[in-house]
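Chemist: Pasting a structure here, questions to come.
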Amino acid sequence: MTANPRPFWSPLSAGIALGLALLLTFVITGNGLGASGFVTRLAAQVSAWIAPTATAQNAYFGPFIQAGAPLASWITWEVIGVVIGAFLGSRSAGRISVKVERGREVTRTQRFAYAFGGGLLVGFGSRLARGCTSGLGLSGGATLAVAGFVFLIGFFAAGFLVSMMFRRIWQ
Amino acid sequence: MTIPFYDYGIPGGLLTGLLFGFALEAAGFGSPRKLTGQFTLKDFSVFKVMFTAVLVAAIGLYLLRLAGLMTAQSVFVPTLYFWAILAGGLLIGAGFAVGGYCPGTSLVGLASGRIDALVFVAGMVAGVIVFAQLFGPLTDFYFAAQGPEGQRLTDLLGMPEWLILAVLVVVAAGGFALGSRLEKARGGPFTAEEVCAPEEPDGRAGYASQPAE
């Protein structure tokens, strides 16, 4: 929390850096970058802690449990890398800001409710779509997958529509 | 040399994740106000950064194939399940507008100090558990309207890849120009100083008693 955080990179520079990171990921693994795959495994693990038998019998979580520890996967290491990279970047640029980020007209409690509700929709949506903004939008888009572009159309359409309805959240 | 290496080792995972997180943070994507500014047209960073990254990687993959370093079928291409992917995209767009993050950016928010990002992650975990409970009745919808395996825009449109890439570059350039004009008209884009400023006490809802962080 320094008084003078360094400016963000220009969208073009940050986009090129992100694109090169994505290209490197394709070269190393044959797959793109992801994020919701980790959340799925985390949810399977949390569910297994709460209700082991029901989770093992669940049609969606079952295969993750039967394969062993759900979190023992490449994507877990990638996500640990994301957290380290974002932490080191924001720290070196003085951009760590410990707070509840919200619009002026929204209280902390309201912000937490919106964050949880939004997370709920995103978690559910990412399982329905089989991916998220990273795995389908970014990585799928880079392979010119039709699935990636269908996802992006839905993402931007709903984003604009819902944002108009909930404009006061971020004002 | 054969590319890709199909290496799923820990060092590669950590390295690619580290670069991913660093680039997202440098773009300003740890801030939910900057992210959602896309949908109020005040900040076009989401569109600009995503479109640039998609094109850099897509052109890179195209050149690797053109140079004979990579074969056509060697990287994973997701298959379309039209209704599930469209509905999932709509839900993620809606959740992003309300909650302020997507899965990847919530981790970046968390790593740069946002407490609300932790609540968002908890919401996502709950959302996945709800999905798993409803998976039975949702199965038909989940697999409905399946497209051809790993279908790409080149297959769908019957156009050569260089032409599709060229069209996308033109669309991106247009989006950059339009976006910059719109964000300036609305006093954007958000700067690092604005989004890293200490949390303001909330006047309207009687937050004055709480010290700003």
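Read-outs: derived from the displayed coordinates by stated rules, not from any lab. This structure is a prediction, so every number in the text was calculated from the model and none was measured. Cβ coordinates were reconstructed from backbone atoms using ideal geometry, including for glycine residues, and neighbour counts include every protein chain displayed.
Chemist: Helix by helix through chain A, keep the DSSP H runs that span 20 Å or more along the axis on Cα and average at least 1.0 on Kyte-Doolittle, and give those back in order. Can you show the working numbers first?
Modeler: Numbers: long enough: A:11-29 (26 Å, 2.08); A:36-50 (21 Å, 0.89); A:74-92 (27 Å, 1.12); A:108-129 (31 Å, 0.35); A:146-165 (29 Å, 2.30).
Answer set is A:11-29, A:74-92, A:146-165.
Chemist: Tell me, B:L66, A:L24 in order of fewest to most beta-carbon neighbours within 10 Å?
Modeler: So the ranking, lowest neighbour count to highest, is B:L66, A:L24.
Chemist: Using the Cβ atoms and a cut-off under 15 Å, what net charge is assigned to the surroundings of B:L86, where Lys and Arg are +1 and Asp and Glu are -1?
Modeler: +2
Chemist: Determine the gain in length on full extension of the stretch B:A197-B:D7; use 0.36 nm per residue of separation and subtract their C-alpha separation, reporting nm with one decimal.
Modeler: Contour length minus Cα-Cα distance gives 64.3 nm.
Chemist: Can you check what the Kirkwood hydrodynamic radius comes to for segment A:103-170, Cα pairs only, in Å to one decimal?
Modeler: For segment A:103-170, inverting the mean 1/r across all distinct Cα pairs yields 13.2 Å.
Chemist: Residue by residue through A:68-76, how many Cβ atoms from other chains fall within 10 Å of the Cβ on average?
Modeler: Rounded to a whole number, the mean comes out at 2.
Chemist: Let me ask you something else. Give me the distance in nm between label points sitting 7 Å out from Cα along the Cα-to-Cβ direction at A:M164 and A:S13, one decimal.
Modeler: About 3.6 nm separates the two model spin labels.
Chemist: Give the Rg (one decimal place) followed by the Dmax (whole number) of segment A:51-140, computed from C-alpha coordinates and expressed in Å.
Modeler: Using the Cα atoms of segment A:51-140, the pair Rg, Dmax is 17.4, 47 Å.
Chemist: How large is the helix-only mean residue ellipticity at 222 nm for the protein assembly as shown, computed as the sum of -39500 (n - 2.57) over DSSP H runs with n ≥ 4, divided by its residue count, in deg cm²/dmol to the nearest 500?
Modeler: Details: 16 runs with 242 residues, N = 384.
Here the helix-only value at 222 nm equals -20500 deg cm²/dmol.
Chemist: Using alpha-carbon pairs under 8 Å, 6+ residues apart, how would you state the relative contact order of segment A:1-98 in percent?
Modeler: Working: 59 pairs, mean separation 37.2, N = 98.
Relative contact order of segment A:1-98: 38 percent.
Chemist: Please sort through the DSSP H helices of chain B and keep those with an alpha-carbon extent of at least 24 Å along the long axis and a Kyte-Doolittle average not below 1.6.
Modeler: Details: long enough: B:10-27 (26 Å, 1.51); B:45-66 (31 Å, 1.89); B:82-99 (25 Å, 1.92); B:115-143 (38 Å, 1.70); B:161-185 (36 Å, 1.35).
Span-like helices here: B:45-66, B:82-99, B:115-143.
Chemist: Looking only at A:L42, A:L20, A:L12, which one moves most when chain A is put into a Gaussian network model with springs between Cα atoms under 10 Å?
Modeler: Of A:L42, A:L20, A:L12, the most mobile in the Gaussian network model is A:L12.
Chemist: So for segment B:26-145, considering every pair of alpha-carbon atoms, how many percent are separated by more than 25 Å?
Modeler: Distances greater than 25 Å cover 43 percent of the Cα pairs.
Chemist: Can you give the mean number of other chain Cβ atoms that lie within 10 Å of the Cβ atoms in peptide A:162-168?
Modeler: Values: counts 9, 11, 3, 3, 5, 4, 0.
Across the residues of A:162-168, the mean count of other-chain Cβ atoms within 10 Å is 5.
Chemist: Please compute, over every Cα-Cα pair in segment A:1-98, the percentage with a separation greater than 19 angstrom.
Modeler: Within segment A:1-98, distances greater than 19 Å cover 59 percent of Cα pairs.
Chemist: Would you list B:E194, B:E149, B:E161 from fewest to most Cβ contacts within 10 Å?
Modeler: Details: B:E194 14, B:E149 8, B:E161 18.
With the fewest neighbours first, B:E194, B:E149, B:E161 line up as B:E149, B:E194, B:E161.
Chemist: Separate question: What do you get for chymotrypsin sites (Phe, Trp or Tyr not before Pro) in segment B:1-59 restricted to DSSP loop and a cutoff of at most 16 other Cβ within 10 Å of the site's Cβ?
Modeler: B:F5, B:Y6, B:Y8
Chemist: Then there's this: Less than 13 Å Cβ to Cβ from A:G148, Lys/Arg counted +1 and Asp/Glu -1: what total charge do the surrounding residues give?
Modeler: +2
Chemist: I've got another one for you. What does the average come to when, for each residue of peptide B:36-45, you count the partner chain Cβ atoms lying within 10 Å of its Cβ?
Modeler: Working: counts 8, 2, 4, 11, 6, 2, 1, 1, 1, 6.
If you average over the peptide's residues, the count of other-chain Cβ atoms is 4.
Chemist: Using alpha-carbon pairs under 8 Å, 6+ residues apart, how would you state the relative contact order of chain B in percent? List each step's numbers first, then the result.
Modeler: Numbers: 178 pairs, mean separation 67.6, N = 213.
Computed over chain B, the figure is 32 percent.
Chemist: Report the relative contact order of chain A, percent, no decimals, based on alpha-carbon pairs under 8 angstrom and at least 6 residues apart.
Modeler: 28 percent
Chemist: Related question: Mean 1/r over all different Cα pairs, inverted: what Kirkwood radius does chain B give, in Å?
Modeler: Evaluated over chain B, this radius sits at 20.4 Å.
Chemist: Using the count of nearby Cβ atoms within 10 Å as a rough guide to exposure, how do B:Y62, A:Y114 rank from fewest to most?
Modeler: Ranking B:Y62, A:Y114 by Cβ neighbours within 10 Å, fewest first, gives B:Y62, A:Y114.
Chemist: Taking springs between alpha-carbon atoms closer than 10 angstrom, which of A:T133, A:T76, A:T143 fluctuates most in the Gaussian network model of chain A?
Modeler: Among A:T133, A:T76, A:T143, the largest GNM mean-square fluctuation belongs to A:T143.
Chemist: Shifting gears a bit: Taking every pair of distinct Cα atoms and averaging 1/r, then inverting, what Kirkwood hydrodynamic radius in Å comes out for the protein assembly as shown?
Modeler: 20.8 Å
Chemist: Would you look at the GNM of chain B, springs on alpha carbons closer than 10 Å, and say which of B:G104, B:G12, B:G21 moves the most?
Modeler: B:G12
Chemist: Write down the Å³ per residue value for the convex hull defined by the alpha carbon atoms of segment B:78-151. List each step's numbers first, then the result.
Modeler: On the way: hull volume 7.1 nm³, N = 74.
Per-residue hull volume (Cα only) is 95 Å³.
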